[in-house]
Amino acid sequence: MADEQIETIWLTQEAFDAASAELELLKGEGRATVTAKIARARDEGDLSENAGYHAAREEQGQQELRIRQLESMLRNAQVGEAPEGDVDQVAPGCKVTIAYDDDPDDTDTFLLGSRELMALADSTSIEVFSPQSPLGQAITGAKVGDTVSYIAPTGKPIEVTVLEVQPYRS
């Protein structure tokens with residue numbers, strides 16, 4: 001197997017606890033429920049034309065995929081708290097507003113943190129950039145007014161200016 005870079009997943013304690021609870025539910029009650037559905041559908045007879053059986057097997061596959069995702073996320077999690085009070089530089093857990101190419105009309109506001117937060121918090125309506133992404137790496141540690149650059153996936157250099165940094169509260 002080629003060397004794999006394991007990405008750290010930045011989570012608050014609340015997000016870590018929510019993921020752990022979801023994993024426990026899926027591995028216990030979730031597996032038992034889907035196994036019972038498969039058994040009931042199997043008892044109906046011919047499996048080749050049994051839509052209930054195929055739907056239950058599909059549900060089982062999706063559930064097992066989610067279990068693997070949660071296990072990986074929790075295994076690679078770095079638990080910390082979002083910054084409190086005034087924030088003077090960009091760090092994971094911050095809500096950041098940037099301007100592209102020094103254009104005050106071309107701005108973007110996002111959370112610097114784990115994309116996995118989106119899956120855990122249905123109420124998270126803000127875009128999330130990972131600290132390991134090109135943009136995330138470029139702005140981490142920057143202060144309001146700092147201009148930094150990064151290389152976009154297209155190979156084009158992009159310059160951004162940090163306009164605002166504040167702690168994120170969901």
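The values are calculated or read from the model by the stated rules, or taken from the named source; none is laboratory data. All figures in this text were calculated on a predicted structure; none of them were measured in a lab. Quick reminder, even Gly has a Cβ in these numbers, built from the backbone with ideal geometry, and neighbours come from all protein chains shown. In case anyone asks, the SASA skips ligands and DNA or RNA and just uses the protein heavy atoms, side chains included. Shrake-Rupley method; radii C 1.70, N 1.55, O 1.52, S 1.80 Å.
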| task | Test Gly136 against the stated conditions and say whether it is under 18 Å from Gln78 (Cα atoms) and modelled with pLDDT of 90 or more. | result | yes
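I'd like to verify a number: residues in region 138-170 that are over 18 Å from Ile126 (Cβ atoms), touching a residue at least 12 places away in the same chain (Cβ under 8 Å) and either open to solvent by less than 80 Å² (accessible area, probe 1.4 Å) or not in a loop (DSSP other than H, G, I, E, B) (or both), how many?
Within region 138-170, residues that are over 18 Å from Ile126 (Cβ atoms), touching a residue at least 12 places away in the same chain (Cβ under 8 Å) and either open to solvent by less than 80 Å² (accessible area, probe 1.4 Å) or not in a loop (DSSP other than H, G, I, E, B) (or both) number 13.
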| request: Give Glu116, Glu71, Glu164, Glu127 a once-over and let me know the one that is modelled with pLDDT of 90 or more, within 15 Å of the chain's Cα centre (by Cα) and of a type in the set (Asp, Glu). | output: Glu71
| field | Residue in region 41-62 that is in contact with a strand residue (DSSP E or B) (Cβ under 8 Å, 6 or more places away or on another chain), part of a helix (DSSP H, G or I), at pLDDT 85 or above and small (Gly, Ala, Ser) present | value | no
| task | Residues being in contact with a Gly (Cβ under 9 Å, 6 or more places away or on another chain) and either of a type in the set (Asp, Glu) or open to solvent by 70 Å² or more (accessible area, probe 1.4 Å) (or both): count how many of those fall in region 85-103. | result | 1
| query | When Asp106 is evaluated against the numbered criteria (1) modelled with pLDDT under 90; (2) surrounded by fewer than 17 Cβ atoms within 10 Å (Cβ to Cβ), which criterion, by number, is the only one it fails? | reply | (1)
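For every residue, the table says whether it meets (1) at pLDDT below 85; (2) crowded, with 17+ Cβ neighbours inside 10 Å; (3) touching a strand residue (DSSP E or B) at 6+ places or on another chain (Cβ under 8 Å).
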| site | (1), (2), (3) |
| --- | --- |
| Met1 | yes, no, no |
| Gln5 | yes, no, no |
| Glu14 | yes, no, no |
| Ala19 | no, yes, yes |
| Glu24 | no, no, no |
| Gly30 | no, yes, no |
| Ala39 | no, no, no |
